[in-house]
Every structure is written in structure tokens, then in C-alpha cells.
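Report on one structure; see the data block that follows.
Computed from the coordinates by the stated procedures, all read-outs in this text should not be read as laboratory data. From a predicted model like this one, the values you see are computed outputs, not experimental measurements. As a convention, Cβ positions derive from the backbone with ideal geometry for all residues, glycine included, and neighbour counts pool all protein chains shown.
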Amino acid sequence: MSVTFKDVAELAGVSTQTVSRVTNDSSNVAEGTRKKVMEAIEKLGYVPNKGAQLLSRAKSNVIGLVTLDIGLHGVSLIANGIRRQADKEGFGTSFSVVIDPTFENILNSVRDLKSQKTETIIINVPMDKPSAEALVQQHGDIHFVFIDVPASTKVNTVCSAHYTGGCLAAQLMLEDKRENLLLITGPNDSSASLQRVEGWKDTLAGSTATIQAIYEGNWQASSAYLHTRQAIAEGIEFDSILVASDQMSLGVLRALDEFSISVPKQVSVIGYDDIADCAYFSPPLTTIMQDFQTIGQIAVELALDDSMDNRNSKKQTVNTELKVRKSTAIKEKSSYDKIAIQKLLADIDKLLP
């Protein structure tokens, strides 16, 4: 039985992609990695197929990106960060947009990118652990990097510190003496959203504040607009709203304005992302900053790292930061004391004949 690329890759502990680069004398290989591959080739007596090498040289220097709708601000910023970093590395980018993030749709996008001879693919679509790991297993010749998967998933990952960001947002509301909160989350299939919500809940759990209602949004402003109107229509008492994205916060602000609810005097609002336009909302939005450029940069670096393969499961986290603007403020005390007024009226009633 002849020795294959896969045999060499397994012995050297690298990907078949890395073996290909070494046998094609690519300069984009760490010296230590090159040495391991060459030792494996010598030990196994592997003879490169010249025809296959010629074909491999025809592969385009393109990084694939499977992404959600780039009409979403955060998604487009990550895509732009990936594109800019890829360009610095001398690579192009090929996008495949997934509107409905089912496993089959993601799989079709991967197949489409593979047909373009793409060797590295970044996945910025929410995936659960079994699906992400199955995707990697089914396409062992592709080097994957994921952006929105559960932390325990055994794949290469880069993401923001979503949980920490959630904690920062909730802590600000507590410091501002807010007591009755609405939570508007992102889609429940998004690990990024779930981690933010976990940070909110864990921080509020040790306080006297009350979560009055939780609504699931879809990252679009319209969803948060409708949820906010629903809360008002149902007579839910709230003095603050934690929102899982700035784009949804825009819908929240519009709904509150339509009901003449003052922000932040009556209700504080905090978003998540720190997109460029949120500083120009009315009022300017307090939010949690994600460094989208760094996320894109690291995703590309992981994708092109020859010392990495899908079995390493390397994970990198990018810090988040609180940005305080004018949509949040310390809650003002009521201009009247309801209980005191009721007591006074009762006392007056007793004096009346």
C-alpha cells in the first residue's frame, strides 16, 4: 500500500494542508513544522506525486467565510475585519452568506467554498457543539475557525468575552439603582447571546433587582421594537432594558419614544457591540464594546497558522469594555412618596366627620 499525504500528516501531527505546503516548498510554514514533516516523509519513504503538486499550486490564495447576513452590523464588521487582515496576509476572501443557519445550509456553503479550492474556512454562523465538531470531522482537509460556538466545542475558536460583557452591563444597572429590568436577548441558537444573558443573570442574582421579562430577539431592530411595545402594552413595570445588540437597541429607543418614555430619566437602555453609529443614537447609547477588527485579525491568523490543525482546538478570547454614554443614568428618586401620601390621606380621612 502506497504512503499518502494523510499518513505523513498523522505521523507529523499536522494537517494534510501543512504537508502540501511543505512538499510544495511554501514559505508560509514554520521551520519547526517543516522539519517534523520532512522527518515523517523520510521515515515513511513518501514520494510526492508531481501531478498532484502541480494541481495544488493551482489553488487560489483565498480564505473562505461562511457568515450570517452581512446586513447585520456586527456581522458586517467582523467580515470587514477578516477581509482586511486577509489582504494584509496576501489572501483574498470568498463569502458565503447563510440566511437560515441550518446545518445543511452551512454544509452547502462549505462545499461551495471547497469547490473554489479553498483550504481555510472561517465560520461566523451560530453552531451547536455536535454540529461544529461533525463539520470538522466530515471535512478533515479544511482548516476551520469558528466564531460563535459553545466554549466546550473541540474546534479552533475566537470570540469576544461575551459573559464578561454581560456582567459589566448588568453591574452598571445595579450601580445606577435600577431595580426592574427587561432583557432582550439575541437568538437562542447563538452561544454569544447565551453567554451575554448568563452574565446578566449571574450579576443580577446577587442583588435585589428583579428581571420582569425576557424576550428573544433576532438581532434586528424590528424585533426589539415589537418586544418593547409588547412589554409596555402588557403593563410590565420596568426602569431599565438590557439589550444583546446595538442594532436591537435602536428598536428599543424608538418604541420608548413613541410612548413618551424618557431615556434615561425613566428607563435606562444599554446595548452591546459599540457599532460606530450608536454614539449618534438619540440619546447616545451606552454599550459594551467588542473589538471586531481584532476578532477578524485573530480568526485569519488562526486560519493560516501552519502549526495548527483541527485537532488542536485552540481558543482565543478578545476583551470587552463598557462604554458609558447618555442612555443610562442613576435613577432619580420619585418626586412623591406613594406610601407616605396614602398614609396621609388615611389620616385625613379619620379626621373628617
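If each residue of separation counts as 0.36 nm, what is the full-extension length gain between Leu226 and Gln116 once their alpha-carbon separation is subtracted? Before the final figure, lay out each step's value.
On the way: separation 110, 0.36 × 110 = 39.60 nm, distance 4.16 nm.
Difference between extended and current length: 35.4 nm.
Which of Arg254, Arg84, Arg196, Arg111 has the fewest other C-beta atoms within 10 Å, and how do the rest follow up to the most?
Arg111, Arg84, Arg254, Arg196
Report the local net charge at Ile99: Lys and Arg +1, Asp and Glu -1, summed over other residues whose C-beta lies under 14 Å from its C-beta.
Summing Lys/Arg as +1 and Asp/Glu as -1 gives -4.
What angle, in degrees between 0 and 90 and rounded to the nearest 10, separates the Cα long axis of helix 191-205 from the longest principal axis of the Cα atoms of the chain?
Here the helix axis deviates by roughly 40 degrees.
So what is the relative contact order for the stretch 162-291, in percent, with contacts set as C-alpha pairs under 8 Å and at least six apart?
Relative CO of the stretch 162-291 lands at 25 percent.
On a 0 to 90° scale, report how tilted helix 292-304 is relative to the longest principal axis of the chain, with both axes built from alpha carbons and the result rounded to the nearest 10.
The angle comes out near 20 degrees.
What are the ³J(HN,Hα) values, in whole Hz, obtained from phi via the Karplus relation 6.51 cos²θ - 1.76 cosθ + 1.60 with θ = phi - 60°, for each residue of the stretch 316-325 in sequence order, with x given for Gly and Pro?
Each residue's phi maps through the Karplus curve to give 10, 10, 9, 4, 10, 8, 7, 10, 8, 10 Hz.
With only Lys, Arg, Asp and Glu charged, each at its Cβ (+1 for the first two, -1 for the last two), find how big the charge dipole of the chain is about the Cα centre; round to the nearest 20 debye.
560
Restricting to DSSP loop positions (anything but H, G, I, E, B) with no more than 15 other Cβ atoms inside 10 Å of their own Cβ, which chymotrypsin sites (Phe, Trp or Tyr not before Pro) remain in the stretch 227-336?
Answer in residue order: Phe259, Tyr336.
Report, in degrees rounded to the nearest 10, the 0 to 90 angle that the Cα long axis of helix 162-175 makes with the longest principal axis of the chain.
Helix 162-175 sits at roughly 20 degrees to that axis.
What is the distance in Å between the Cα centroid of the stretch 77-107 and that of the stretch 263-287?
That distance is 29 Å.
Hey, can you grab everything whose amide H is under 5 Å from the amide H of Ser240? Only 5+ residues off in sequence or another chain; H modelled, so Pro and N-termini drop out.
Asn180, Leu182, Ser268
For Asp69, what residues show an amide H to amide H distance below 5 Å, using hydrogens built from the backbone and excluding near sequence neighbours?
For Asp69, the qualifying residues are Val98.
Output the direction-averaged projected area (hull surface divided by four) of the convex hull of the alpha-carbon atoms of the stretch 115-217, in nm². Mind dumping the intermediate values first?
On the way: hull surface 30.1 nm².
Spelled out: convex hull of the Cα atoms, projected over all directions, averaged, 7.5 nm².
Taking 1 over the mean of 1/r across every pair of different Cα atoms in the chain, what Kirkwood radius in Å do you get?
This gives a value of 22.7 Å.
So what's the back-of-envelope 222 nm ellipticity for the chain, counting only DSSP H runs of four-plus at -39500 (n - 2.57) apiece and dividing by all residues, rounded to 500?
-14000 deg cm²/dmol
Among Ala170, Tyr280, Leu256, whose Cα projects farthest towards the positive end of the dipole of the stretch 162-291, with charges put on the beta-carbon of Lys, Arg (+1) and Asp, Glu (-1)?
Going by the Cα projections, it comes out as Leu256.
If you count, for each residue, the other Cβ atoms within 10 Å and average over each peptide, how do 36-45, 65-74 line up from highest to lowest?
Ranked from most to least packed, the peptides come out as 65-74, 36-45.
Residue by residue, what Karplus-based ³J(HN,Hα) values in Hz, rounded to whole numbers, does the stretch 140-145 have, using 6.51, -1.76 and 1.60 with θ = phi - 60° and x for Gly and Pro?
Using θ = phi - 60°, the values come out as x, 8, 10, 8, 9, 9 Hz.
Can you compute the label reach from Thr294? Point 7 Å from Cα along the Cβ direction, backbone N cut-off under 18 Å, restricted to the stretch 162-176.
Output list for this probe position: 162-169.
So for the chain, averaging the separation of alpha carbon pairs under 8 Å that are six or more residues apart and normalising by length, what relative contact order in percent results?
Relative contact order for the chain comes out at 18 percent.
If Lys and Arg each add +1 and Asp and Glu each add -1, what is the summed charge of the other residues whose beta carbon sits under 15 Å from the beta carbon of Ala161?
Details: positive: Arg196, Lys315, Lys323; negative: Asp148, Glu198, Asp202, Asp273, Asp274, Asp291, Glu321.
In short, -4.
Mind ordering 174-183, 2-11 by average Cβ neighbours within 10 Å, highest first? Mind dumping the intermediate values first?
Details: 174-183: 19.2, 2-11: 16.6.
The peptides rank, most packed first, as 174-183, 2-11.
Using only the Cα atoms of the stretch 162-291, construct the convex hull and provide its projected area averaged over every direction, in square nanometres to one decimal.
If you wrap the Cα atoms of the stretch 162-291 in a convex hull and average its projections, you get 6.9 nm².
Residues in the stretch 261-292, backbone N under 14 Å from the label point at Lys88 (7 Å along the Cα-to-beta-carbon vector): list them, ranges by number please.
What the label zone holds, given the 14 Å backbone N cut-off, is 292.
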